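This report concerns only the one structure given below.
Taken together, the values in this text are just the output of simple stated rules run on the coordinates, not laboratory data. From a predicted model like this one, the values you see are computed outputs, not experimental measurements. So basically every Cβ, Gly included, is an ideal-geometry build from the backbone, and we count neighbours across all protein chains shown.
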Amino acid sequence: MLSRLQLRVRNRRLGDSRRTLFSNLNSPAFTHSMLGCVLLFLIIAMISDPPHHGMALDRYISHNATPAPAALRDDAMRVMLTRDGSIYFGNNRVASEGLPEQIRQRLHEGGQHRVFLAVDQRARFRDLSIVLDELRNAGIWDITFLTGSAAMHKRELF
C-alpha cells in the first residue's frame, strides 16, 4: 500500500504526462508563425481598397477651382446630380418635386442658405436646369458647384 505522499507524487507525475502536448510547445516557432500571420493580414489590409463612402461621380475638372471647406461640414446641404438624372439630397435619393420641400425643412431646422451642387460631367443640361429651378423654388440663390481641380487631376495621372 502506498502512502498518501507517494500517491500525490504519482498522481502529479501522471497528470504531467497527460499534458505533454502543451508542455512541449516550441514557443519560438509558435511566435514566428503568429508573427507571419499578423504580417500577412497587415499586407492584405494595406493593399486592399479603402471602404467607399458615397457615390461615384465624375466631377467636371476646372482650372479655376477654389477650395470649399464649408462643403465638408456635417450640416452642409449637398445635392448631387448623376449622369442618369438621379437627384440625391445628402445621401438620400429624392424626386425633383420633393427637393424644395426637403430643403425648406432643413432651412427650418437651422441650415445655411447655401447649397453645394455636385454634378456629373456627363449629366444632361436639361436635368441640371430642373435641379436649379427646384433650388430657386426653395428660396436658395447661393449655389456652389463642386468641381475637381485640374492641378489635382494632373497629380493623380502622374
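Before moving on, here are some points about what is shown:
- The stretch between Asn11 and Asn92 holds 22.1 nm of extra length on full extension. This uses 0.36 nm per residue minus the Cα-Cα distance.
- With Cα atoms as the point set, the radius of gyration and Dmax of the range 61-157 evaluate to 13.8, 43 Å.
- Sorted ascending by nearby beta carbons within 10 Å, beginning with the fewest, Leu107, Leu7, Leu81 become Leu7, Leu107, Leu81.
- Spin-label zone in the range 80-98 - amide nitrogen under 11 Å from a point set 7 Å from the Cα of Ala71 along the C-beta vector: 80
- Counting neighbouring Cβ atoms within 10 Å and putting the fewest first, the residues Met77, Met46 line up as Met46, Met77.
- Gained length - Arg122 relative to Met46, 0.36 nm times residue gap less alpha-carbon distance: 24.1 nm
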